[in-house]
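The values are calculated or read from the model by the stated rules, or taken from the named source; none is laboratory data. Just so you know, these numbers come straight off a predicted model, no measurement behind them. All Cβ positions, even for glycine, are placed from backbone atoms using ideal geometry, and neighbour counts span all protein chains on display.
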Ligand SMILES: Cc1ncc(COP(=O)(O)O)c(C=O)c1O
């Protein structure tokens, strides 16, 4: 076998790689494992989405290649939803593109812009496809730490001038995974201005825009004047509608960027399963009713988990959005060691902060993906071990 590429071998390992094995072993031994690792909720998608896929999956035309154009009705529905939710209009066929989940899109977009030696500014900690999509091109991953003191907002003034001159992309993600941080409208406007000044494309990942609490409504970067000239935004059905496994999302923005990503994707995939796109139409139709109810479930869990982890002795901030608590490890133990110890001794899967980048060291992440009482029990078990 030939040698693996340098780019491949230098990819950091997935932080939860050995968790399924340890978890399976514990379950075999009769341990009642509580999994708070991945942001993969235990709730069902809207029944309308399930009904829609059941209906069309028996039709021959839905078994065909979707190609990048996909189901016109899905594009039109996305366009209507963007107008309804954020007050901005997008041409369904020129300024939107369905994706096999946001992850696929954010990882492939650098293919349109980066040559070896170019750079992308990415948050650290941050969602790892931003890193991977850039790194695998031999481009420079310009990591900027997200610090608690600055509300976990990426501070672009930290980028060294020399690196900035080769940078073409800036990734932002608010509401933020893993920190749970949210950004103000002013912050977004400053980010747009910075990108204008330095000829950067702002890539905003808004996967958690509908998982927000206490009446907070996260904005879209595209709702600000002139944003379309400098920014694109990714959206996902995964979190809003509990459809993580269905692999469906989209990107909205300038027609040239959409055309470029469409061209790249022709070489990598053949589109989102048409039956999933039909389900996407049905899901988006339920938004005004389903999304607030779904967010209310996670809000109740957030409250229970914050209380329980505080009671267990942790310093926990209450996030205004996302499915996560981002908690400092009091012992100063490396996050991987801490997570492994908690799994083995308490039967609780926690996500080690370093799994989201070196800037996540010293933290662990709790996903609100189990009922409130299980979250409380998890916190109690962790407290016992410590
Ligand atoms: C910031 C962020 N973007 C995107 C995604 C995934 O979206 P999708 O399931 O549409 O690929 C996640 C999932 O955890 C995420 O945390």
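Observations on the structure shown:
- Residue list for segment 118-137, restricted to those being surrounded by fewer than 24 Cβ atoms within 10 Å (Cβ to Cβ), within 15 Å of the ligand (Cβ to nearest atom) and part of a helix (DSSP H, G or I): 128, 129, 131, 132
- Scanning segment 1-37 for residues that are closer than 24 Å to residue 353 by Cα, assigned to a loop (DSSP other than H, G, I, E, B), out of contact with any strand residue (DSSP E or B) (no Cβ under 6 Å at 6 or more places or on another chain) and modelled with pLDDT of 90 or more turns up 10, 11, 32, 33.
- Qualifying residues in segment 94-117 (those that are touching a helix residue (DSSP H, G or I) at 6+ places or on another chain (Cβ under 8 Å) and more than 26 Å from residue 79 (Cβ to Cβ)) - the one farthest from the ligand (Cβ to nearest atom): 117
- Residue that is within 14 Å of the ligand (Cβ to nearest atom), part of a loop (DSSP other than H, G, I, E, B), free of Cβ contacts under 8 Å to residues at least 60 places away in the same chain and not assigned by TED's automatic domain parsing to the domain that holds residue 297, where the choices are 183, 207: 183
- Residues that are more than 25 Å from the chain's Cα centre (by Cα) and touching a residue at least 12 places away in the same chain (Cβ under 8 Å) within segment 315-341 comprise 330, 331, 332, 341, listed in sequence order.
Residues are listed down the side, and each one gets a yes or a no for (1) surrounded by fewer than 24 Cβ atoms within 10 Å (Cβ to Cβ); (2) at positive phi; (3) more than 19 Å from the chain's Cα centre (by Cα):
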site	(1), (2), (3)
171	no, no, no
175	no, no, no
179	no, no, no
189	yes, no, yes
209	yes, no, no
236	no, no, no
250	no, no, no
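- The residues in segment 40-62 that are without any contact (Cβ under 8 Å) to a residue 60 or more places away in the chain and not in a loop (DSSP other than H, G, I, E, B) can be counted, and the count is 3.
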